1. Which of the residues that make up segment 3-40 are assigned to a loop (DSSP other than H, G, I, E, B), without any contact (Cβ under 8 Å) to a residue 60 or more places away in the chain, within 20 Å of Ala71 (Cα to Cα) and not aliphatic (A, V, I, L, M)?
2. Of everything in segment 71-85, what is of a type in the set (Lys, Arg) and assigned to a loop (DSSP other than H, G, I, E, B)? Give them in sequence order.
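Nothing in this text is a laboratory measurement; each read-out follows from the coordinates by a stated rule. From a predicted model like this one, the values you see are computed outputs, not experimental measurements. Note: ideal-geometry Cβ built from the backbone for every residue, glycine included; neighbour counts use all protein chains shown.
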Amino acid sequence: MSAAQLAALEANAPEFGIRLIGDADAEQGIVHVVGPEQGFTLPGTTLVCGDSHTAAGARTHLLSPAMAAAAAVKGRLTDVREMMG
């Protein structure tokens, strides 16, 4: 992930009420393990993940790096093609 993507993610997460768990955070880890353990994976919760595992009990969206970056910039799930000129 580029520095610009990380900066956009860090700026947009709090603006949209999203708790960001960074790559160096003690709570980071594998979503299908950490999610349920930490109580992030709850019925009706939407998770955006970069791995192919299912987080039971929540809507999990597997995104490519480009789509994840577009979501970080827009603050919502979006089609990266909308951002390309």
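1. Residues satisfying the conditions are Gly17, Arg19, Gly22, Asp23, Gln28, Phe40.
2. Arg76, the sole residue that qualifies.
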